[in-house]
1. From the set of residues in the range 397-435 that are within 21 Å of Tyr222 (Cβ to Cβ) and of a type in the set (A, V, I, L, M), which is surrounded by the most Cβ atoms within 10 Å (Cβ to Cβ)?
2. For Asp124, all conditions in the list (1) among the charged types (D, E, K, R); (2) farther than 21 Å from Asn193 by Cα; (3) crowded, with 17+ Cβ neighbours inside 10 Å hold save one; what is the number of the exception?
3. Among the candidates Thr288, Thr306, single out the residue that is within 24 Å of Thr360 (Cα to Cα) and of a type in the set (Ser, Thr, Tyr).
4. Of the residues Thr288, Thr335, Thr314, which is among the polar types (S, T, N, Q) and surrounded by 24 or more Cβ atoms within 10 Å (Cβ to Cβ)?
5. Among the helices (runs of 4 or more DSSP H) confined wholly to the range 411-517, which include 1 or more residues that are under 22 Å from Ser398 (Cβ atoms) and either within 37 Å of the chain's Cα centre (by Cα) or in contact (Cβ under 8 Å) with a residue 24 or more places away in the chain (or both)?
6. Filter the range 277-296 down to the residues that are in contact (Cβ under 8 Å) with a residue 24 or more places away in the chain and farther than 18 Å from Cys311 by Cα and list them by number.
7. Spot the failing condition for Thr581; the list is (1) more than 30 Å from Val465 (Cβ to Cβ); (2) at pLDDT below 75; (3) surrounded by 10 or more Cβ atoms within 10 Å (Cβ to Cβ); (4) among the hydroxyl-bearing types (Ser, Thr, Tyr), and only one is missed.
8. Pick from Glu133, Glu84: which is open to solvent by 70 Å² or more (accessible area, probe 1.4 Å) and either among the charged types (D, E, K, R) or touching a residue at least 60 places away in the same chain (Cβ under 8 Å) (or both)?
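The values are calculated or read from the model by the stated rules, or taken from the named source; none is laboratory data. Quick caveat, the model's predicted, so the values are computed rather than measured. Cβ: placed from backbone, ideal geometry, glycine included. Neighbour counts: every protein chain shown. Accessible surface areas use protein heavy atoms only, side chains included; no ligands, DNA or RNA. Shrake-Rupley method; radii C 1.70, N 1.55, O 1.52, S 1.80 Å.
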Amino acid sequence: MADPTAFYEPTEDELLSSLAVPVQSYNPESDADEYRRLQELEQHAYAQQQLMVAEQEQEQLQALEQVPEDVKRFLVLFHQAILENDLPTITNMYESGWNKLTQAHYSQNEWPEAELISPLVGNDQVFLTLYRELYFRHVYAKLQPTIDDRFQSYENICELFNYLLNSDGPVPLDLPIQWLWDMLDEFVYQFSNFSTWRANPKNKNEEELEALAEAQNIWSSYSVLNVLYSLVQKSQINEQLRAEKQGKTPEEVQELAGEYGSKPLYRNLGYFSLICLLRVHVLLGDPTLALQTMENVDLSGGAFLTRITACHVTTYYHVGCAYMALGRWPDAIKTFISVLIFFIRMKQYHTRSYQYGSITKQCERMYALLAICTTLSPGPSDESIMSIVKEHYADQLSVLQRGGDEALETFKDLFLSASPKYLNVNPPPYEDPSALESYLANPPIDATQRHLELFLSDVVAVRGVSNIRNLLKLYTSIDASKLVTFSEGETEQEEILQQLMVLKAASRTYAKGQQQDTLLDGERIVTNNLDFTIDGSMVHVEETTSHRRYAGFFIRNAEHAQRVFNTIKSSPLPIQRKPTTSVTQTTTDNKNEPKKAGAWQPKRARVAAQ
């Protein structure tokens, strides 16, 4: 029998009754009580919040009272100078006042936090962002930064650059070029410092590991390069420098600069960003791109970067390191020597600078790199600089010139002590615990160690060349069999001929000529001061030392003397001043005075005098 409910469909009233909710009885007195109770809870919570705010303000005022009066006065005046864009005052307070107060009050501890001093500056967020930049720079320089300091410093500098780059128009802010350079230089330094710290997971606690796993983009290479390239693009600095090289008028350059690049703040930031990009690309192991970045930057003696000694030294140091990575030893030698000569001449003016210590250390590193370069590519160089190199590294130079395994160790020590601290692009996989364990079990080669191996491979390729070179200096022609007897160890004639070919190949490289414009341009040159040909087993040696030419020196000085003479000749003659009345009166009085008896004179002399 069929089921009668198989095709049964409920009516609409039955559906509504099944969905109906039982109606509760309405009690106005209980609802009023509930409303009053909620109001009391809200009032109590608001009172508690106000009490906490009052307590925080009281604590902040008490903490602010602990700040020295000269520091509070300095911050108020500093804020006022930035609001008024008073560049001389800002420069003086930044370069002198800040450092003096740091030495007096905060040499071993932190400056007051930005939230603490915000009442002094009217809670001006732009000033507080600039203040935090100085605050974290002081933490990195004098103290040991924590992971919170590293993260907050990154967030603050990103906030500052977002304000500069993403505003509706150019911001009404004017800062001295020294501060702008220090800001970008510190930005790159903190990036390299964080990358080195992050690359070692062994010394991290659980809290730091969790923070690094959650913040993969903090101080990433992409974010740093993005900021620097954005500043370059915003300022149109490459277009400006290219137009200046082409000799265009200031009005045409101003038109190319646009709304942002015409402002000194953005132009200077874009210019210094090019130098920081050079530094970052060198640290990341791309010397070709590093030199391409500087193709429009003038490196002559009167360049804009020479206004700041730290910028000048940093630029030439990293350009020289890029040339060394490309094996262009003569260009590296010229770069190091030019900036070292400049530093020696200007040394007396920078002894009191707060950056003098860091500049001196970087120059010492260049002396060590110069010892490496002159050993691998001997040739004529500045005698005054080489005397300093020999004074500092006399023992190392003698070991390098002898060659052998001991020389390899010396090369290694000098390279590690003087080369940049190269960075690993990819951080450890903190977000994946299993991958992190395998990373710790089999860590990759350190970036600096990898560059050291590449450098030592070039050194090993020319091992023994220095001994052959020293022997050839003593002869105009010599048989290869005789070179075998002079060489160390059991060496056959075929090996000597191979070493001669290695010497010839090692003495040829690319170097920047006089007519080349960019840093990557170059031509094939011979770096050795002697050349030789091989005829069978006979080696014919010819010295190719280029003596210094004095004709240009005398011509330039003769022309200068002629210009000075023409200037003096065309100048009007000096006008003789008339004697004053007092002088005339004194002369008259002297004539009226009776003559005093002088020394005895012969009669003829007395008659002639009368």
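1. Residues of the range 397-435 that are within 21 Å of Tyr222 (Cβ to Cβ), as a first pass: 420-432, 435.
Pick out the ones that are also of a type in the set (A, V, I, L, M) and you get 423, 425, 435.
On the way: Leu423: 21, Val425: 13, Ala435: 12.
Of everything passing the filter in the range 397-435, Leu423 is surrounded by the most Cβ atoms within 10 Å (Cβ to Cβ).
2. (3)
3. Within the list Thr288, Thr306, the selection yields Thr306.
4. Values: Thr288 fails: surrounded by 24 or more Cβ atoms within 10 Å (Cβ to Cβ); Thr314 fails: surrounded by 24 or more Cβ atoms within 10 Å (Cβ to Cβ).
The conditions single out Thr335.
5. Numbers: elements: 433-441, 447-461, 465-472, 480-486, 493-506.
Where helices (runs of 4 or more DSSP H) fall fully within the range 411-517 and carry at least 1 residues being under 22 Å from Ser398 (Cβ atoms) and either within 37 Å of the chain's Cα centre (by Cα) or in contact (Cβ under 8 Å) with a residue 24 or more places away in the chain (or both), they are 447-461, 465-472, 493-506.
6. Correct list: Leu284, Gly285, Pro287, Thr288, Gln292.
7. (3)
8. Values: Glu133 fails: open to solvent by 70 Å² or more (accessible area, probe 1.4 Å).
Glu84 is the lone residue from the list that is open to solvent by 70 Å² or more (accessible area, probe 1.4 Å) and either among the charged types (D, E, K, R) or touching a residue at least 60 places away in the same chain (Cβ under 8 Å) (or both).
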